[in-house]
Amino acid sequence: MSVIKIGHVNLRVLDMAAARNHYENILGLIVTDEDSEGNLYLKGWDEWEKYSVILSPSEQAGMDHIAYKVENDSDLDSYANTIQNYGIEVENLDAGTLVDCGRALRFKLPSGHIMCLYADKTVVGKSVGNVNPAPWPLDVKGVGAHWLDHCLLVCPLDPENQVNTIADNVNFLSQCLGFRLTEQALVGPDADIQAVAFLTVTNTPHDIAFVPGPTAGFHHASFFLSGWGDILKAADIMAMNKVKMDVMPTRHGITRGETIYFFDPSGNRNETFAGLGYLATPDMPVITWTEEEIPRGIFYHSGELNTAFTEVYT
Amino acid sequence: MREEDINSKYNITIVDTDVTFKCARETHLLEGMRSLGQKGIPSGCHGGGCGICKIKILSGRKSYITKTMSRTHISEEEEKKGIVLACRVFPKGDIQLNVVGKIKRKILSGQKIWNYS
């Protein structure tokens, strides 16, 4: 029984035509479906499930929910019990409630974000197929994102009132769903406040991450590229298309990833993330960043925080 | 539309700080300010989603048009009063404005990563 990967993120967008152009032609995701309510379903060329991104028309930007895939259908019953016993209410969703998925669970993280678990989603296959595949498809658009890599969520932290939903999320996901902490930042006079946390269910440095803020929100959805050359080309393509970039190509200390941060036309932040960083097997000791070195953990080269990066989210 | 309208640039003034810059009608106020290296309005997502560039327009409803802004940050009532997001405002005439409040939402603030007093 295990949670095996990030499944999808459902983002709310203010202008669907502009959002479609961004995710399809600039990020290079493939549109696989569109429903009567105006939701758009997309996947990366290297993904096999039908979608990893749902765009929903809305008057408010931000994230509707994030979903992870479990190994077996029966895991959903076990996880429902575990989550309820932990004290979190679980809603059982019938098959099809999450489009093209089997039955699913829906619940709120301690930070207030909505998470779903599913075991089955329609498989449509990678663009390069499964037999004697080419290393990449010729008809990929834009920056050609391979897959949805991870999401970063903004979680309420108010130490003076003993509120730390980052630590609460880490406890819950570790104890109930088998997520493993890979990196953390500890702050405060006694360096005992877990203010930043990165967790994985695979062998990559993170499948979800949490940073602090006054209110719960969505910081970014990250899409995988192979390497530094792809990151540079991605920045060129974004500049050609006048995409608002937040952070120019650089490297993270945390995860060692190579990165660009930018915004979709509704202000939801995206990242292109390259490099697999390191192999995060279950026996890897947790990496800790101290309060003074958090800026270098986030932007390794400059060692300086960028106010838009730390204060702006949807 | 006449050619002179397409090429029109308007004077945008941030009243409280006495900053003035020129902005074309197809350019939103935040991009107009940033592209000239001017400062005053906080810059965030440039997509009407994050709410950080909230301003109040003092020059009247006829001086600008807007695109969709997230209702998380601008209510219908505010929009009617000229409280808008600078990244979704395009000028149709000269504009006078003020920045609404300061950046209140901090994830990690300044040199001190988290403030304990």
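Using packing as a proxy for protection, rank A:209-222, A:289-302 so that the peptide with the highest average count of other Cβ atoms within 10 Å comes first. Don't skip to the end; give the middle numbers.
Values: A:209-222: 23.4, A:289-302: 17.4.
Answer by packing, highest mean first, reads A:209-222, A:289-302.
How big is the charge dipole of chain A about its Cα centre, in debye rounded to the nearest 20, if each Lys and Arg gets +1 on its Cβ and each Asp and Glu gets -1 on its Cβ? Show your work: numbers first, answer last.
Numbers: 20 positive and 41 negative charges, 139 e Å.
That gives a dipole near 660 debye.
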Q. What nm distance separates the two modelled labels at B:Asp18 and A:Glu89, each placed 7 Å from Cα along Cα→Cβ?
A. 5.7
Q. So which residue, out of A:Ala235, A:Ala119, A:Ala191, gets the largest mean-square fluctuation from a GNM of chain A using Cα contacts under 10 Å as springs?
A. A:Ala191
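Per-residue mean of other chain beta-carbon atoms within 10 angstrom of the beta-carbon, peptide B:36-47? List each step's numbers first, then the result.
Working: counts 0, 0, 0, 0, 0, 0, 4, 5, 12, 15, 11, 17.
Whole-number average of other-chain Cβ neighbours for B:36-47 is 5.
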Q. Which ³J(HN,Hα) values in Hz, rounded to whole numbers, follow from the phi angles of segment A:178-190 under the Karplus curve 6.51 cos²θ - 1.76 cosθ + 1.60, where θ = phi - 60° and Gly and Pro get x?
A. x, 5, 10, 5, 9, 9, 8, 10, 10, 10, x, x, 9
Q) Using alpha-carbon positions, what is the distance between the centroids of segment A:146-161 and segment A:188-258, in Å? A) 11
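In the neighborhood of A:Arg180, defined by Cβ-to-Cβ distances under 14 Å, what is the net charge if each Lys or Arg adds +1 and each Asp or Glu adds -1? Before the final figure, lay out each step's value.
Values: positive: A:Lys5; negative: A:Glu183, A:Asp207, A:Asp283.
Result for the neighbourhood of A:Arg180: -2.
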Q.
Pairs of alpha-carbon atoms within less than 8 angstrom and 6+ residues apart define the contacts here; what relative contact order does segment A:148-311 have, in percent?
A. 24
Q) What are the ³J(HN,Hα) values, in whole Hz, obtained from phi via the Karplus relation 6.51 cos²θ - 1.76 cosθ + 1.60 with θ = phi - 60°, for each residue of segment A:193-206 in sequence order, with x given for Gly and Pro? A) 9, 7, 9, 9, 9, 10, 10, 10, 10, 9, 10, 8, x, 7
Q: As a check on your grasp of the helix formula, calculate [θ] at 222 nm for chain A: sum -39500 (n - 2.57) over DSSP H runs of n ≥ 4, divide by the residue count, round to the nearest 500.
A: -4500 deg cm²/dmol
Q. What list of ³J(HN,Hα) couplings, whole Hz, do you get for segment A:309-314 from phi and the Karplus terms 6.51, -1.76, 1.60, once you set θ to phi - 60° and write x for glycine and proline?
A. 5, 8, 10, 9, 7, 10
Q) For segment A:34-94, which GluC sites (Glu not before Pro) are both in a DSSP coil and crowded by at most 16 other Cβ atoms within 10 Å? A) A:Glu37, A:Glu59, A:Glu71, A:Glu89
**Q.** Exposure proxy ranking, count of Cβ atoms within 10 Å, fewest first, for A:Thr314, A:Thr250
**A.** A:Thr250, A:Thr314
Q) Taking Cα centroids, how far is segment A:36-66 from segment A:81-123 in Å? A) 17
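Within 10 Å of each Cβ in A:157-168, how many Cβ atoms from other chains are there, averaged over the peptide? Mind dumping the intermediate values first?
Working: counts 3, 0, 3, 3, 0, 0, 0, 0, 0, 0, 0, 0.
If you average over the peptide's residues, the count of other-chain Cβ atoms is 1.
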**Q.** Label-point separation, A:Asp139 to A:Glu59 (7 Å along Cα→Cβ), nm
**A.** 4.0
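Which of rounded, prolate or oblate describes chain A when judged by the alpha-carbon gyration tensor and an a/c cut-off of 1.5? Write out the running numbers ahead of the final one.
Numbers: a/c = 1.44, a/b = 1.08, b/c = 1.33.
Because its axes are fairly even, with a/c under 1.5, chain A counts as rounded.
Report the antiparallel proportion of the DSSP beta bridges in segment A:1-63 as a percent, rounded to a multiple of 5. List each step's numbers first, then the result.
Values: 9 of 14 bridges.
Taking every DSSP beta bridge with both residues in segment A:1-63, the antiparallel ones total about 65 percent.
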Q. So for the pair B:Lys62, A:Asn171, with labels modelled 7 Å out along Cα→Cβ, what separation do we get in nm?
A. 6.1
Q.
Using Cβ counts within 10 Å as a stand-in for footprinting exposure, how do B:Lys9, A:Lys242, A:Lys121 rank, fewest first?
A. A:Lys242, B:Lys9, A:Lys121
Q) What average number of partner chain Cβ atoms lie no more than 10 Å from the Cβ of the residues making up A:252-263? A) 1
Q: Please state the charge dipole magnitude for segment A:1-126, taken about the Cα centre, from unit charges on C-beta atoms (+1 on K and R, -1 on D and E), reported in debye and rounded to the nearest 20.
A: 300
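Read-outs throughout are calculated quantities, based only on the coordinates presented, and are distinct from any laboratory measurement. Worth saying up front: this structure is predicted, and the values here are computed from it rather than measured. Glycine gets a Cβ as well: all are built from the backbone with ideal geometry, and neighbour counts include every protein chain shown.
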